[in-house]
Amino acid sequence: MTITGAELKALREKLGLTQKQLAAEVGLTATSIGRFEQPNGRKVYPVPHWLGLLMFHMVKDAEAADLKKA
């Protein structure tokens with residue numbers, strides 16, 4: 001699964017995480033997360049495949065937990 005920096009940011013925000021919090025969860029630095037999320041016009045760092053997959057599963061798990069609460 002390949003995601004863009006904008007998609008990474010949207011997924012992170014959907015989870016309610018800061019760049020620093022996401023970085024701690026996945027073993028990266030907040031600077032790395034910020035680089036992946038860079039807007040157009042700046043150097044683009046490709047989001048690693050594994051990070052896209054991990055974010056997808058984190059969102060799905062959060063959605064499943066929300067459904068159980070309802």
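Just so it is clear, none of the values below were taken in a lab; they were calculated from the coordinates. No experiment lies behind these values; they were computed from the predicted model shown. Counting neighbours? That spans all protein chains shown, and the Cβs are built from the backbone with ideal geometry, glycine included.
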Query raised in the report: Which lysines does Lys60 reach when only Cα atoms under 22 Å apart count, and residues fewer than 8 places away in its own chain are ignored?
Result: Lys9, Lys14, Lys20, Lys68, Lys69
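Which value, in debye to the nearest 20, gives the size of the charge dipole of the chain about its Cα centre, when Lys and Arg are +1 and Asp and Glu are -1 at the Cβ?
Using only the charged Cβ atoms, the result is roughly 180 debye.
How much mean residue ellipticity at 222 nm does the chain get from its helices, if each DSSP H run of length 4 or more adds -39500 (n - 2.57) and you divide by all residues, to the nearest 500 deg cm²/dmol?
Details: 4 runs with 46 residues, N = 70.
After summing the helix terms and dividing by the residues of the chain, the value is -20000 deg cm²/dmol.
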Report task. Specify which residue in the list Thr31, Trp50, Ala64 is farthest towards the positive end of the charge dipole of segment 2-66, using unit charges on the beta carbon of Lys, Arg (+1) and Asp, Glu (-1), about the Cα centre. Result -> Thr31
Query - Contact order relative to length of the chain, as percent, for alpha carbon pairs under 8 angstrom and 6 or more apart - result: 40 percent
